[in-house]
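Right, one structure below, let's go through it.
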Amino acid sequence: MANNGRRSVKAKKGPTVGTGGHGRKALEGKGPTPKAEDRVYHKAHKSKQLAERSAAKRGTGARSAGAAKSGPKGRATEEVVTGRNSVVEALRAGIPAKALHVAIRIEMDDRVKESLKLAAERGIPLMETGKPELDRMTDDAVHQGLVLQIPPYEYQDAYELAEETVDKWKKGHVANAPLFVALDGITDPRNLGAIIRSVSAFSGHGVIVPERRSVGVTASAWKTSAGAAVRVPVARASNLNNALKQFKNMGIYVLGLDGDGDVSLPELTLASEPVCIVVGSEGKGLSRLVRENCDQIVSIPIDSAMESLNASMAVGISLYEVSRQRAAG
């Protein structure tokens, strides 16, 4: 067939002039491929979630059968006691409680029955709660279907407590001279509970704890105090050193307990005066600034083979000696 002398022209490959590179974005791709564990539908992602949840449970293991915290981060939280043994022991000890949460269709045993009985006798509200909600309240700790909700402890102000006690003593409304115990660097709630118990036993007027880096009145402290936390006020000081200076201005002598003190406990001559005994942690002892703010550093004579005493034991011994001297004088 004739083509009239014309030659066919083949089209060139690639974009023609004026297209503007319409396919450029498609060629750019979507970036690096996410790791398998970051892809929501990949089995590696599920494995990662399980591992994180397991690690979180291990992190709460110390409180899985005891106390846990609940509440938004950065706000005052309410403590919860979890586990059948811990809950029934807390109820026996008379720890204040807002509510007892019981799992729906819980398997009854003696501990559950006693917990329900004690809560009913004390007028503590019983809440039937689903397992997902119990898991949320306890941060997935092992709760065994029982969770006791503890209200936050209402601390007094250290200065106000001391001022009020001194004023009552001067007016004759308090028989014994003011007697306080201040804690410096103690973080074990069982030590606090034991100290509260000793303060109650020897007619002390209160325990002072710093606001930061210090133990607070937890369920464990309540339980260790064997009910004494109801009778002995615990006050907070925003700054322990400033509080001790204020105590001294009120006429309260500040006595620090330390192994290398300049006064032996049996030789103490200030027992009959208003006194605040300061105890440090077993490992570090008194901090430097607290030590400098003490009127005297008092040591307890012990066998040379024993390096130091537990903080609560040292306080108990010191309070006994103060009480003995006051009774003798």
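The values are calculated or read from the model by the stated rules, or taken from the named source; none is laboratory data. Predicted, not measured: the structure shown is a model, and the values here were computed from it. Positions of Cβ are generated from backbone atoms using ideal geometry, with glycine treated the same way; all protein chains shown enter the neighbour counts. Just so you know, the surface numbers come from the protein's heavy atoms only, side chains and all, with ligands and any DNA or RNA stripped out. Shrake-Rupley method; radii C 1.70, N 1.55, O 1.52, S 1.80 Å.
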statement: Within the under-12-Å Cβ sphere about GLY204, not counting GLY204, Lys/Arg +1 and Asp/Glu -1 give a net charge of +3
field: Area accessible to solvent at LEU265, 1.4 Å probe radius, in Å²
entry: 10
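Going down the list LYS98/LYS223; LYS170/LYS245; LYS170/LYS223; LYS98/LYS284; LYS170/LYS248; LYS171/LYS248, which pairs span over 26 Å between their C-alpha atoms? It would help to have the intermediate numbers written out before the result.
Details: LYS98/LYS223 16 Å; LYS170/LYS245 20 Å; LYS170/LYS223 34 Å; LYS98/LYS284 37 Å; LYS170/LYS248 16 Å; LYS171/LYS248 19 Å.
Beyond 26 Å: LYS170/LYS223; LYS98/LYS284.
Under a 1.4 angstrom probe, counting protein chains only, how are LYS113, LYS223, LYS170 ranked by accessible area, largest first? Spell out each step's value before the answer.
Working: LYS113 115, LYS223 80, LYS170 145 Å².
From most exposed to least exposed: LYS170, LYS113, LYS223.
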Proximal aspartates and glutamates relative to LYS117, as straight alpha-carbon distance under 17 Å, when same-chain residues fewer than 8 apart are discounted: GLU89, GLU107, ASP109, GLU128
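Strictly greater than 23 Å: what percent of every Cα pair in region 235-329 meets that? Can you show the working numbers first?
Numbers: 946 of 4465 pairs.
I get 21 percent for the Cα pairs in region 235-329 exceeding 23 Å.
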